[in-house]
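Since the structure comes first, as structure tokens, the remarks are kept for the end.
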Amino acid sequence: MDSSRAPMKILLVKMSSMGDIFHTFPAISDLKAHYPDALIDWVVEDSFKEIVSWHPAIHKAIPISLRRWMKARDGKSWNEFRDWKKDLQRENYDVVLDAQGLFKSALVSKCANAAVIKGFNKNSAREPIASFFYNKRFNVSKSQHAVERTRQLFGEAFGYTPAATLNFGINQNFSHVSKNPHKLMFIIGTSWVTKLWSTYHWQRLTAIALEEGYDVEIMWGSAEERTIADSIIAACPKATRPLQRMTITAIAEKLVEAAGVIGLDTGFSHLAGALETPTIALYGATSPIKVGLTGDHTSNLHIEQPLACMPCHKRQCKWLPENSHETPPCMNGIKPFNVWNTLNSKIRD
């Protein structure tokens, strides 16, 4: 970049979800490597502002409460949005990049003061209508993993080819945390009932880990998850759980400390992978092919003989009664010993 010119000012729009944000970090690292003087601001849902700020290349995280505003749809929300837009337009950007490819993210991109808005073309965007809001559009294959898809979009938008290696770029935030080779973290919660693993399987896995000399801490984030954690601890009293809900940063510190992590299809499993801790994620109703964990230190595990209905991407299993909280067959078929052996292989690598 020409040092005589003012730094390029870039606004990134990718508001959610947690996993999608972690998938974007390598692209941010690529961009900063090619444009070290660029100033990169990031519009993100307010609940994820803490995460975005971890990446050293981010100049400013700009929180937005779009989910809450769209849910309420009242006068107060509209006024809050107008105030937010006025604040955003106090800054002038050279480029806005919508890396989400949705109608709502395209509308947010149009709110900024910028001469150029870039994003996916109609064949690449998750919602094709989004492409009509951009000045420059790029064809990025949907067959790729989300990490590589996002990296390619950034490369096309700013004129470079991403490096062969991934750099999530956030480990330096946790350099003060020491690794505990005897500590494992289990992430038992997720947003869909169909993604849950049975409490019995968690109990068996915990018992195996304890017998092998590991300490096991069980993460929870809701009253329901705390109840599951307590059921596991009732069967395996040497296991522990945090007494209170933790901040995302505090959870990240525990994931860095751990020798290994086992979780479900949830943002915290992606966080563990981004922090380069050996991590196993269990999949059934959803597919890891395009949005699973990535990197040699991770593994996406499903039953050995997939069912014809996998992945259904449904919140309700068709084989179970309506509103059932039983474990779906696709998850129930993942056996604790297989999970344990897979984690062991990653820890030893």
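Trp54 falls short on exactly one of the conditions (1) buried (at least 20 other Cβ atoms within 10 Å of the Cβ); (2) more than 27 Å from Val291 (Cβ to Cβ), and that condition is (2).
Scanning region 328-338 for residues that are of a type in the set (A, V, I, L, M) and touching a helix residue (DSSP H, G or I) at 6+ places or on another chain (Cβ under 6 Å) gives no hits.
Per the conditions (1) of a type outside the set (Phe, Trp, Tyr); (2) closer than 28 Å to Lys314 by Cβ; (3) modelled with pLDDT under 95, the sole criterion not satisfied by His201 is (3). Of the residues examined, Lys76 is one that is basic (Lys, Arg), over 27 Å from Leu271 (Cα atoms) and either modelled with pLDDT of 95 or more or over 21 Å from the mean Cα position of the chain (by Cα) (or both). Residues in region 142-164 that are part of a loop (DSSP other than H, G, I, E, B) and either within 20 Å of the chain's Cα centre (by Cα) or not small (Gly, Ala, Ser) (or both): 7 in all. The single condition from (1) part of a helix (DSSP H, G or I); (2) aliphatic (A, V, I, L, M); (3) over 18 Å from Gly267 (Cα atoms) that Ile21 fails is (3). Taken together, the criteria place Arg137 among residues that are surrounded by 19 or more Cβ atoms within 10 Å (Cβ to Cβ) and either assigned to a helix (DSSP H, G or I) or among the basic types (Lys, Arg) (or both). Are any residues in region 180-202 under 22 Å from Val256 (Cβ atoms) and either touching an Asp or Glu at 6+ places or on another chain (Cβ under 9 Å) or not assigned by TED's automatic domain parsing to the domain that holds Lys318 (or both), and if so, which ones? If the condition is that a residue be under 22 Å from Val256 (Cβ atoms) and either touching an Asp or Glu at 6+ places or on another chain (Cβ under 9 Å) or not assigned by TED's automatic domain parsing to the domain that holds Lys318 (or both), then Asn180, His182, Lys183, Leu184, Met185, Phe186, Ile188, Gly189, Thr190 are the ones that fit. Just one of the listed residues (Ala308, Ala250, Ala259) is among the aliphatic types (A, V, I, L, M), in contact with a Ser or Thr (Cβ under 9 Å, 6 or more places away or on another chain) and surrounded by fewer than 22 Cβ atoms within 10 Å (Cβ to Cβ), namely Ala259. Would you confirm, using the coordinates I've provided, whether Gly221 is of a type in the set (Gly, Ala, Ser), in the same structural domain as Leu243 (by TED's automatic domain parsing), out of contact with any helix residue (DSSP H, G or I) (no Cβ under 6 Å at 6 or more places or on another chain) and touching a residue at least 12 places away in the same chain (Cβ under 8 Å)? Criteria met by Gly221. In this structure, is Asp265 outside the structural domain of Phe48 (by TED's automatic domain parsing) and either surrounded by 18 or more Cβ atoms within 10 Å (Cβ to Cβ) or basic (Lys, Arg) (or both)? Taking the combined requirement at face value, the residue satisfies it.
A Cβ distance below 7 Å, combined with a sequence gap of six or more or placement on separate chains, defines the contacts here; from region 271-286, residues that are without any contact (Cβ under 8 Å) to a residue 40 or more places away in the chain reach no residue that is assigned to a helix (DSSP H, G or I) and basic (Lys, Arg). Quick check: anything in region 116-124 at pLDDT 95 or above, in contact with a strand residue (DSSP E or B) (Cβ under 7 Å, 6 or more places away or on another chain) and part of a helix (DSSP H, G or I)? No: region 116-124 contains no residue that is at pLDDT 95 or above, in contact with a strand residue (DSSP E or B) (Cβ under 7 Å, 6 or more places away or on another chain) and part of a helix (DSSP H, G or I). The set of residues in region 193-220 being assigned to a loop (DSSP other than H, G, I, E, B) and surrounded by fewer than 16 Cβ atoms within 10 Å (Cβ to Cβ) consists of Glu212, Gly213.
The values are calculated or read from the model by the stated rules, or taken from the named source; none is laboratory data. Owing to the predicted nature of the structure, the values given are computational and were not obtained by experimental measurement. Using ideal geometry, Cβ is built from the backbone for each residue, glycine included, and neighbour counts are taken over all protein chains shown.
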